[in-house]
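Any read-out appearing in this document is the output of simple, stated calculations on the displayed coordinates, not a laboratory observation. Just so we're clear, the structure is a prediction, and the values are computed from it rather than from any experiment. Using ideal geometry, Cβ is built from the backbone for each residue, glycine included, and neighbour counts are taken over all protein chains shown.
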Amino acid sequence: MFISMVELHDTIPLWFWAIWAFVLGSCVGSFLNVAIYRLPQGGSVNKPARSYCPSCKTTIAWYDNLPIVSFLILGGRCRACRARISWQYPLVELATGLLFLGTLLFFGPTLQCAFNCAFEAAIVALIVTDFNEQILPDAITLPGTGLALAARMADHNVVGLDWMNIFFESLTGRTLPMTGLTGSLVNAALGMAIGAGTLWVLGVGYFRLRAFPLRTPDDLTDFLKRRCVVGTLARLKVRRANGKRGAVYVLGGDFSALSPEELAEAEFAPSNAGSPELSMTALDGAQVETGERGVRITSIPDDLEQTVDGRLEAGDTIISGNLEGMGLGDVKMMLFVGAFLGGGLTFFVLLIASLLGALTAAPRILLRGQSALQHALPFGVMLGLATLLALFFGEKGLTTYLDFIASFVA
Ligand SMILES: [Zn+2]
């Protein structure tokens, strides 16, 4: 009665499994599109249960919701209102389908294959939400970290652990457990520490320590205009009108729609109200004056979308500003990735992501100068792409890289 996976694999031809993996992947991709669309808005994946058109809110019939196929049949338009459907939908479905197919061919019908597919689906969702809105939703990264650890308990991963051990031993004189469940969990812990730790130290840690004093309106313009890049939060240290201290976060890099020329003009200008008014920065429309200890806000538009927690009010004095170098989203993403991949492959991810980041940013910076950094692709996209590469080529890539380094040392 019971047919094992191995028997099935032997009796049914490979092409059948390949098609099955692709179809399953594209269906998962279709679900990801829903998550990608709803999660950054704080929505739920299962409420409402059925997909609807973002333009006319018409519920989409099952036959118009088939991955890739429906998009082609409908010519990329909604059946009800003829609104254009984004290319991103079939693209995500195709990418997830191909990833599942590739994973099956690469790893065979194993537990590792199943876990890798689930992991890839989450990474695809993170890449797209970060690309679209510079958001890496906690709803993916935090449960993902827990599930990744569970996966590492069920399916042990000690890739790169022997190599991590060389460092550990030279530092402490002791060796880490390298096999079985303990080895797998040690590797996951190393991955989390290396991945999240590196990003935290480079990003959040560095910028948190570095506070820019803001004494005059010009300091504030300079801080918001030159120091902040897209995807960063600016943390403003504030003294409230009642003397209490507080912190307010403003989206520092919210200049994505501005050209470099427009950006250059962003600063304080005289306003009708007499005091200078900040224009074309995160605090667009706020009026300020030089206060006793910093920049005092005299008035602020009601509709200004400025804060994550806390809100600037008229009468507040901004004392200094810190940058959250990268959003904590990247750190949490690497907690997830590190737990799943382990230390060695996580190192590979950081290496490749930095390389991708440099390769995509360099031409822009060379052509358009420093301000092009504000239009650079978010780092989560690079981390995600590097993670997908690491799943397939990380082990080979890491060995090649280490042999290369060793050839210099020896
Ligand atoms: Zn519609």
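As a rough footprinting exposure proxy, the listed residues Tyr89, Tyr249 were ranked by other beta carbons within 10 Å of their own, and the order from fewest upward is Tyr249, Tyr89. Summed over all non-identical Cα pairs, the Kirkwood treatment of the stretch 20-172 gives a radius of 17.3 Å. In order along the stretch 65-81, phi translates into HN-Hα couplings of 10, 6, x, 6, 4, 4, 4, 5, 4, 7, x, x, 10, 5, 4, 7, 10 Hz, rounded to whole numbers, per the Karplus curve 6.51 cos²θ - 1.76 cosθ + 1.60 with θ = phi - 60° and x for Gly and Pro. Taking every pair of alpha-carbon atoms in the stretch 1-109, give the share separated by more than 25 Å as a whole percent. The calculated P(r) of the stretch 1-109 puts 33 percent of pairs beyond 25 Å. In terms of surrounding Cβ atoms within a 10 Å radius of their Cβ, Thr387, Thr216, Thr96 rank from fewest to most as Thr216, Thr96, Thr387.
Extension gain, Val201 to Cys81, is 38.3 nm, computed as 0.36 nm per intervening residue step minus the present C-alpha separation. Rounded to 0.05, the FRET efficiency of the Ser44 and Ala118 pair, given R0 = 22 Å and the Cβ-Cβ distance, is 0.65. For Thr298, nonlocal amide neighbours, meaning residues 5 or more places apart or on other chains whose placed amide H falls under 5 Å from its own, are Gln287, Val288, Glu289, Gly315. Spin-label model, Asp155 to Trp62: label points 7 Å out along the Cα-to-beta-carbon direction sit 3.0 nm apart. The Asp138 and Ser407 beta-carbon pair, evaluated with R₀ = 35 Å, returns a calculated FRET efficiency of approximately 0.25. In a fully extended conformation the segment linking Ile166 and Thr182 would gain 4.0 nm over its present Cα-Cα distance, using 0.36 nm per residue.
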